[in-house]
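Everything below concerns the one structure shown next.
The values are calculated or read from the model by the stated rules, or taken from the named source; none is laboratory data. The structure presented is a predicted model; accordingly, all values stated were derived computationally and were not measured. Cβ placement follows ideal geometry from the backbone for every residue including glycine, while neighbour counts extend to all protein chains displayed. For the accessible areas, the whole protein counts, side chains as well, though only heavy atoms, and no ligand, DNA or RNA atoms are used. Shrake-Rupley method; radii C 1.70, N 1.55, O 1.52, S 1.80 Å.
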Amino acid sequence: MTATLRIQSDWHQALRRDEGEAWVSCRSPGKPTLYGSLTSHGLGTDGVPDIAASEGFVVGEVTKKSILISCPHENVSTKFLAPYTTFCRIHQKSVTCLDISSGGGLGVSTSTDGTMKIWQAANGEIRRLLEGHVYDVNCCRFFPSGLVVLSGGMDAQLKVWSAEDASCVVTFKGHKRGILDTAIVDRGRNVLSCSRDGTARLWDCGKAACLGVLADCGAPVNGVAVGTADGSLSLGTPEKAPSEREVGTEGKLLLLAREDKKLQGVGLQSRQQVFLFTGSDAFNCCTFLSSTYILAGTQDGNIYQLDVRNTNAPIQVIHRSGAPVLSLLPYRDGFVASQGDGTCFIMQQDLDHVLDLTEADCDPVYKVASWEKEIYTCCRDGIVRRYQLADL
């Protein structure tokens, strides 16, 4: 674990005022936390504040929405980014999941207020209300077309919706307990789900049928991801010929983030275990960085990077805080991660600093979604935030 810089959540508003102040801190394992402050000396003609840092901290580039802070003593730098826009009126309570359509025009989100809504990504204006689940909806995502939505709920049902008229076109039943995550195979003739009942299932959208139980883990499966596997990886051979209704499962690896501290890899077509990695705590989420590298996040704040060809030991373990890792998303040549303490950050190979997406304070950031150079987050405080990375 390296040193971590933090900043006051409302720094952007505070530092736009003359003589406004915001706190900043640098936490390093095994050392006392270093605290400091940033002070604004008014706005320049370009609307960018003139900011000075207290001893131990250095202010780098400042723009209208971002500030680069360094702590030379710990050799760490972080660029803090304020949201470009915030949408407060989509839901009344915590926003638990969201996704952005492939064209970037629409968003879909679920909330503890019991609703699932489709909205315009540019302004948060609500377009459709998707009604049909009983109890809370846990997860939602767009199909690659951007015209269809897949959702999973505490009612153990998986549903497919038209984003155009809000009709529910397919309902899948088979899980015994709430559905926690979903994935889409290729263009979406087949979809995947995982559940508190410990199983992961493959479904045929055209026939509204279950094509098989891919894994029965004996513990809740919190997250699922599917990707094309590295060609050198042996995915196993199916015991019997796959159904002709199975489309795009060949050469795919399924990742299962399990509550029992295990990250499991399964050949999607073979249904056979490829690897089983044990982590420090329950795995909450997982994703593919490439056909070779994967990421998985745990309840105690660890992000494991693994090579699927050899999962005996992780390539690296990233730990910025002990808060649960709730969401992981590949982004450019790195990834975005969100945690239960309100932190949401981007790590990229070509950057010598971390990019922190700020303003969520201490409320968990449940999910991140991206479209081109924009990132959207959803949070317990009920706000959807939109960040623009174009100028970074």
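Hey, among the residues in region 278-291 that are open to solvent by 20 Å² or more (accessible area, probe 1.4 Å) and not in a strand (DSSP E or B), which one's farthest from S77 (Cα to Cα)?
Here is the first cut: in region 278-291, the ones open to solvent by 20 Å² or more (accessible area, probe 1.4 Å) are 278, 280-281, 284, 288-291.
Subset that is not in a strand (DSSP E or B): 280-281, 289-291.
Values: S280: 28, D281: 29, L289: 24, S290: 27, S291: 30 Å.
Residue satisfying both the conditions and the ranking: S291.
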### region 312-347, subset aliphatic (A, V, I, L, M) and within 21 Å of S94 (Cβ to Cβ), residue surrounded by the most Cβ atoms within 10 Å (Cβ to Cβ)
V325
### Task
Please tell me if G301 is more than 24 Å from G124 (Cα to Cα) and in contact with a strand residue (DSSP E or B) (Cβ under 9 Å, 6 or more places away or on another chain).
yes
### Query
Cβ-Cβ below 7 Å, separation at least six or inter-chain, first residue in region 304-321 and in contact (Cβ under 8 Å) with a residue 40 or more places away in the chain, second open to solvent by 30 Å² or more (accessible area, probe 1.4 Å) and hydroxyl-bearing (S, T, Y): which pairs?
R309/S232
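Could you check region 231-270 and list, in sequence order, the residues that are open to solvent by 70 Å² or more (accessible area, probe 1.4 Å) and within 19 Å of K207 (Cβ to Cβ)?
Pass one, region 231-270, residues open to solvent by 70 Å² or more (accessible area, probe 1.4 Å): 231-232, 234, 237, 239-241, 244-245, 250, 259, 261.
Correct list: K240, A241, E244, R245.
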#### Entry: Condition check for A53: at pLDDT below 95, among the hydrophobic types (A, V, I, L, M, F, W, C) and within 23 Å of S321 (Cβ to Cβ)
no
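Mind checking which residues of region 12-30 are in contact (Cβ under 8 Å) with a residue 40 or more places away in the chain and either of a type in the set (K, R) or open to solvent by 10 Å² or more (accessible area, probe 1.4 Å) (or both)?
Within region 12-30, H12, S28 qualify.
Take region 40-93 and flag every residue that is among the acidic types (D, E), without any contact (Cβ under 8 Å) to a residue 60 or more places away in the chain and either assigned to a strand (DSSP E or B) or surrounded by 13 or more Cβ atoms within 10 Å (Cβ to Cβ) (or both).
Just the residues of region 40-93 that are among the acidic types (D, E), to begin with: 46, 50, 55, 61, 74.
Okay, now just the ones that are also without any contact (Cβ under 8 Å) to a residue 60 or more places away in the chain, so 46, 50, 55, 61.
The answer is D50, E61.
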### Query
Residue check, L329 against (1) in contact with a Gly (Cβ under 7 Å, 6 or more places away or on another chain); (2) farther than 18 Å from E259 by Cα; (3) in a strand (DSSP E or B), all met but one. Which one?
(1)
### Query
Within region 138-159, can you find the residues that are hydrophobic (A, V, I, L, M, F, W, C), open to solvent by 10 Å² or more (accessible area, probe 1.4 Å) and closer than 22 Å to W371 by Cβ?
F142, F143, L147, V148
### Query
If you check I294 against the conditions, is it touching a residue at least 60 places away in the same chain (Cβ under 8 Å) and either in a loop (DSSP other than H, G, I, E, B) or touching a Leu at 6+ places or on another chain (Cβ under 7 Å) (or both)?
yes
